[in-house]
Amino acid sequence: MNNVLYGGLLALQFLTRLPIPVACPWTPDTRRWAIRAYPLVGLLIGGLLALAALLLEYAHTPTPISALILLSVWVGVTGGLHLDGVMDLADALGSNQPLKRRWEIMKDPQIGSFGMLALLFLLAWKGVLLWALLQYHAPLWWLMIVPALGRWAGVALLILTPCAHSRGLAWSWQQSLGRRDVGLALLPLLPLAMPWPLAPLWLLGVVCWVTLARLALLRLFNGINGDMVGATIEGGELWLLILMWSWWQFVTVSPPGI
């Protein structure tokens, strides 16, 4: 039971900026439970976003301002943890260099033009999609689903894809994990399919995303590192927002325009 509790706290400490003044042991068992708790932490982040959206709606905040506030809360709660991975990956891919040089660029702490452009467009797309979904008055459960399934995407990639090098944080996590942890991480989210019948559809979309990301990263880098896991989480969240916008835009009846 202590390992479960410490693992959950470790996941909170790692994935959010919420103050958790507890020294959690870094052991194989706590790491395993921390990874299993990733989607639950995503659910918590989504719950905070949904609560913020309710308060903004109650205050009759204009939709564009609400979208910007929600995006700010999203980045603030997570500390922009995974955005660094997006920028590093963008710089490496944009360099059009051989494999060895791409890995050197991934390790470079400086951010290049491709990284800045990737950050700009990622946040811009997220903000506009938040705006559109708020404008459509979509049920706020989608705000809870996106961060939860996005973090499950990172778990799936981490467990199912070999690391390119036998060092680093991602490799350290992998030593404590097995394939069954992919399913165990998803297990707490399965009850969401009952009140939210579209949840399996979004899960299928995330599975497709992880599959494509895995194939691309193996081909381009011969494996993954921690930055790529973070980029997969961010990309998974954006992909889910696009799918949800497409659903309310093209499937539901006449959503209002922006």
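Quick check: anything in region 233-253 over 23 Å from residue 15 (Cα atoms), in a loop (DSSP other than H, G, I, E, B) and not charged (D, E, K, R)?
Yes; the residues of region 233-253 include at least one that is over 23 Å from residue 15 (Cα atoms), in a loop (DSSP other than H, G, I, E, B) and not charged (D, E, K, R).
Working only within region 1-35, note down all residues that are part of a loop (DSSP other than H, G, I, E, B), under 19 Å from residue 155 (Cα atoms) and open to solvent by less than 40 Å² (accessible area, probe 1.4 Å). So that I can check it myself, show each step before the final result.
First pass over region 1-35, keeping only residues part of a loop (DSSP other than H, G, I, E, B): 1, 16-27.
Narrowing the set further to residues that are under 19 Å from residue 155 (Cα atoms) leaves 16, 26-27.
If the condition is that a residue be part of a loop (DSSP other than H, G, I, E, B), under 19 Å from residue 155 (Cα atoms) and open to solvent by less than 40 Å² (accessible area, probe 1.4 Å), then 16 is the only one that fits.
Scan region 201-242 residue by residue and report those that are open to solvent by less than 10 Å² (accessible area, probe 1.4 Å) and touching a strand residue (DSSP E or B) at 6+ places or on another chain (Cβ under 9 Å).
Those that are open to solvent by less than 10 Å² (accessible area, probe 1.4 Å) and touching a strand residue (DSSP E or B) at 6+ places or on another chain (Cβ under 9 Å): 223, 224, 232.
In this structure, does residue 195 turn out to be open to solvent by 70 Å² or more (accessible area, probe 1.4 Å) and on the phi < 0 side of the Ramachandran plot? So that I can check it myself, show each step before the final result.
Values: open to solvent by 70 Å² or more (accessible area, probe 1.4 Å): yes; on the phi < 0 side of the Ramachandran plot: yes.
Criteria met by residue 195.
Does residue 164 satisfy being in contact (Cβ under 8 Å) with a residue 24 or more places away in the chain and open to solvent by 30 Å² or more (accessible area, probe 1.4 Å)?
yes
Under 21 Å from residue 238 (Cα atoms), aliphatic (A, V, I, L, M), touching an Asp or Glu at 6+ places or on another chain (Cβ under 9 Å) and modelled with pLDDT of 95 or more, is that true of residue 155?
yes
Please name all residue pairs, on different chains or six or more residues apart, with Cβ atoms under 6 Å, provided the first residue is in region 88-105 and is assigned to a loop (DSSP other than H, G, I, E, B) and the second residue is surrounded by 12 or more Cβ atoms within 10 Å (Cβ to Cβ) and at pLDDT below 95.
95/105
Only one residue in 71, 81 is hydrophobic (A, V, I, L, M, F, W, C), within 23 Å of the chain's Cα centre (by Cα) and part of a loop (DSSP other than H, G, I, E, B), so which one is that?
Working: 71 fails: part of a loop (DSSP other than H, G, I, E, B).
That would be 81, the only listed residue that is hydrophobic (A, V, I, L, M, F, W, C), within 23 Å of the chain's Cα centre (by Cα) and part of a loop (DSSP other than H, G, I, E, B).
Is region 229-236 home to any residue that is modelled with pLDDT under 90 and polar (S, T, N, Q)? Talk me through it step by step, then tell me what you get.
The initial filter retains those residues of region 229-236 that are modelled with pLDDT under 90, namely none.
No, there is no match, as no residue in region 229-236 is modelled with pLDDT under 90 and polar (S, T, N, Q).
Take the conditions small (Gly, Ala, Ser), within 30 Å of residue 167 (Cβ to Cβ), in contact with a helix residue (DSSP H, G or I) (Cβ under 9 Å, 6 or more places away or on another chain) and modelled with pLDDT of 90 or more and apply them to residue 127. Does it pass? I'd like the intermediate steps shown before the answer.
Working: small (Gly, Ala, Ser): yes; within 30 Å of residue 167 (Cβ to Cβ): no; in contact with a helix residue (DSSP H, G or I) (Cβ under 9 Å, 6 or more places away or on another chain): yes; modelled with pLDDT of 90 or more: yes.
No: the conditions fail for residue 127.
Is it true that residue 189 is closer than 30 Å to residue 58 by Cα and surrounded by 18 or more Cβ atoms within 10 Å (Cβ to Cβ)?
Numbers: closer than 30 Å to residue 58 by Cα: yes; surrounded by 18 or more Cβ atoms within 10 Å (Cβ to Cβ): yes.
Spelling it out, residue 189 is indeed closer than 30 Å to residue 58 by Cα and surrounded by 18 or more Cβ atoms within 10 Å (Cβ to Cβ).
Where in region 109-179 are there helices (runs of 4 or more DSSP H), lying fully within it, with 2 or more residues that are in contact with a Ser or Thr (Cβ under 6 Å, 6 or more places away or on another chain)? Step through it out loud before you land on a result.
Working: elements: 113-135, 141-160, 169-174.
So the answer is 113-135, 141-160.
Quick one: in region 36-62, which of the residues that are open to solvent by less than 80 Å² (accessible area, probe 1.4 Å) and hydroxyl-bearing (Ser, Thr, Tyr) is nearest to residue 15 (Cα to Cα)?
Ranking the candidates gives 38 first.
The values are calculated or read from the model by the stated rules, or taken from the named source; none is laboratory data. Keep in mind it's a predicted model, so treat the numbers as computed, not measured. Positions of Cβ are generated from backbone atoms using ideal geometry, with glycine treated the same way; all protein chains shown enter the neighbour counts. The area values use the complete protein model at the heavy-atom level, side chains included, leaving out ligands, DNA and RNA. Shrake-Rupley method; radii C 1.70, N 1.55, O 1.52, S 1.80 Å.
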